[in-house]
């Protein structure tokens, strides 16, 4: 378990706090972590919106190996959805797909034949977020912003913590919520605090009211 750096007034976070000082221009303000987490949960499209799609990408190192995961989720309703994951590790690519239709899962791997299953066969690909105990020591803010041409609320979180090897790491995450309460984009990164070298990153884009989205059983 990483040891949290109790004093957050490192040069990295001092710079972040100073950037919040021009509140008249960007209308940025500090908020507590509870408010940030509530905004994140309330903007979760799962169970709230119909006909939506999300695409995300995650890059990280596991046991010394670089891994990249790209995933697409398409949801018609809670009982009708599709997910496809592509994982690349050491020049090896693995593709897994799952379709869920009213209690039945359909699964296939690497473009092979579809098979029915009674349990979820999704491989999953991570969330890009840190556990709550990391967040308690962080700095959260919200500001008005523009994403594309849409006015949004931009939520930001920063925390510096000490890694198991003694080096300081900077964890950042941002997410954008439109005026309808829909999360449009989310991203997170773990960096070397001193150099800002990116060690892991995650990004996700959300689309709503996807025209022509239809999911059917691939086999009988």
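Counting only helices (runs of 4 or more DSSP H) wholly contained in the stretch 1-96, the ones carrying 3 or more residues that are modelled with pLDDT of 90 or more and more than 24 Å from residue 165 (Cβ to Cβ) occupy 33-42. Within the stretch 174-190, the set of residues being touching a helix residue (DSSP H, G or I) at 6+ places or on another chain (Cβ under 9 Å) and either crowded, with 19+ Cβ neighbours inside 10 Å or within 13 Å of residue 204 (Cβ to Cβ) (or both) comprises 175, 177, 183, 186. In the condition set (1) modelled with pLDDT under 90; (2) surrounded by 14 or more Cβ atoms within 10 Å (Cβ to Cβ), residue 106 is compliant with all but (1).
What are the pairs with Cβ atoms under 7 angstrom where one residue, in the stretch 32-44, is within 21 Å of residue 207 (Cα to Cα) and the other, located anywhere, is in a loop (DSSP other than H, G, I, E, B)? Sequence gap at least six, or different chains. Every condition considered, the pairs that remain are 42/181; 43/181; 43/182. Candidates in the stretch 127-141 are the residues that are part of a loop (DSSP other than H, G, I, E, B) and either touching a helix residue (DSSP H, G or I) at 6+ places or on another chain (Cβ under 7 Å) or surrounded by 14 or more Cβ atoms within 10 Å (Cβ to Cβ) (or both); of these, the one that is modelled with the lowest pLDDT is 128. Of all the listed residues (174, 209, 178, 144), the sole one being within 13 Å of the chain's Cα centre (by Cα) and modelled with pLDDT of 90 or more is 174.
The values are calculated or read from the model by the stated rules, or taken from the named source; none is laboratory data. As the structure is a prediction and not an experimental result, all values here were calculated from the model. Cβ coordinates were reconstructed from backbone atoms using ideal geometry, including for glycine residues, and neighbour counts include every protein chain displayed.
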